[in-house]
1. Which residue, of 70, 56, is assigned by TED's automatic domain parsing to the domain that holds residue 113, touching a strand residue (DSSP E or B) at 6+ places or on another chain (Cβ under 8 Å) and crowded, with 19+ Cβ neighbours inside 10 Å?
2. Taking interchain pairs and intrachain pairs at least six residues apart, which have beta carbon atoms under 8 angstrom, with the first residue in the stretch 68-79 and in contact (Cβ under 8 Å) with a residue 60 or more places away in the chain and the second surrounded by fewer than 18 Cβ atoms within 10 Å (Cβ to Cβ) and in a helix (DSSP H, G or I)?
3. Assuming residue 298 fulfils every condition listed in (1) at pLDDT 90 or above; (2) assigned to a helix (DSSP H, G or I); (3) over 18 Å from residue 231 (Cα atoms) apart from one, which condition is it?
4. Where in the stretch 11-107 are the strands (runs of 3 or more DSSP E), entirely inside, with at least 3 residues that are under 17 Å from residue 124 (Cβ atoms)?
5. Please state which of the following conditions residue 37 fails to meet, knowing it meets all the rest: (1) touching a residue at least 40 places away in the same chain (Cβ under 8 Å); (2) under 30 Å from the mean Cα position of the chain (by Cα); (3) on the phi < 0 side of the Ramachandran plot.
6. Anything in the stretch 231-257 that is buried (at least 19 other Cβ atoms within 10 Å of the Cβ) and over 23 Å from the mean Cα position of the chain (by Cα)? List them, or say none.
7. Of the residues that make up the stretch 14-29, is at least one surrounded by fewer than 13 Cβ atoms within 10 Å (Cβ to Cβ) and touching a helix residue (DSSP H, G or I) at 6+ places or on another chain (Cβ under 9 Å)?
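The values are calculated or read from the model by the stated rules, or taken from the named source; none is laboratory data. Given the structure is predicted, the values throughout are model-derived calculations rather than measurements. Please note: Cβ atoms are built from the backbone with ideal geometry, for glycine as well, and neighbour counts cover all protein chains shown.
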């Protein structure tokens, strides 16, 4: 059964520029566009089809080349001042890696303009640290003992790559985004309900505010005004949530928390219910502050995960 990889899609914000970047380093050429794809064809006729996308997670692509091609590509990387590394976690800046057990195997990592992690290697197999290959005539126990430190380092390197990868950071950011969205939606519904009660039945809702005394009926319209204020505050949060303005949503939560703290202060200043002041108004304000700060952190995390690292001198 013949199964071969034919092509793969490479997401890019500027397909032509990203394709040209890789082609220049590998000594290839960018093929004419096919539909909305910008292809770069490798020696085995597998094509990397660059496609314009605005939202994607960085991927990892590895290319096996000959020794001369590796030297030429490395020279282009160094001449272009492109940051390159000897490990997939991008910690060993300006280095290349050499295999322990695969003779002549070298490799280097670098990122393209879209943050994709590119790898060039000269022999197949997983990356290993630089160390002479162990003779095959050594006793098996001795070989296993000598290999143990290397295996430990390899596992730690892979773990570091996983935990520090932009895709994982993006995944964490997406999980935080879901939590924040649920919290904001809960606040919106709560504020709409609370404000609606003051508009529809102000006389029965006012006693729950926590003040020791309250006006009868709608308080000459003042209780309804309080309800309208709450509904407007909720609508502001709802519009920012629906339109995707996450950072503005975080700021709005922080500012609107002042209203809840103001209600708490008013109840306490008039010797009202301490339990209501702290357990309802104070708790609501504090939760809004926490939610706002989490959204601010979420937006910073997503921006850091999607932005490619700046090129550094080799």
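1. Details: 56 fails: crowded, with 19+ Cβ neighbours inside 10 Å.
Exactly one residue qualifies, and that residue is 70.
2. As it stands, the answer is none, since no pair meets every condition given.
3. (1)
4. Working: elements: 38-41, 47-52, 60-64.
Per the criteria, 60-64.
5. Of (1) touching a residue at least 40 places away in the same chain (Cβ under 8 Å); (2) under 30 Å from the mean Cα position of the chain (by Cα); (3) on the phi < 0 side of the Ramachandran plot, only one is false for residue 37: (1).
6. Answer for the stretch 231-257, where residues must be buried (at least 19 other Cβ atoms within 10 Å of the Cβ) and over 23 Å from the mean Cα position of the chain (by Cα): 233, 234, 237, 256, 257.
7. Taking the stretch 14-29 first, the residues surrounded by fewer than 13 Cβ atoms within 10 Å (Cβ to Cβ) are 27, 29.
If we keep only those that are touching a helix residue (DSSP H, G or I) at 6+ places or on another chain (Cβ under 9 Å) too, we end up with 27, 29.
Scanning the stretch 14-29, I find at least one residue that is surrounded by fewer than 13 Cβ atoms within 10 Å (Cβ to Cβ) and touching a helix residue (DSSP H, G or I) at 6+ places or on another chain (Cβ under 9 Å), so the answer is yes.
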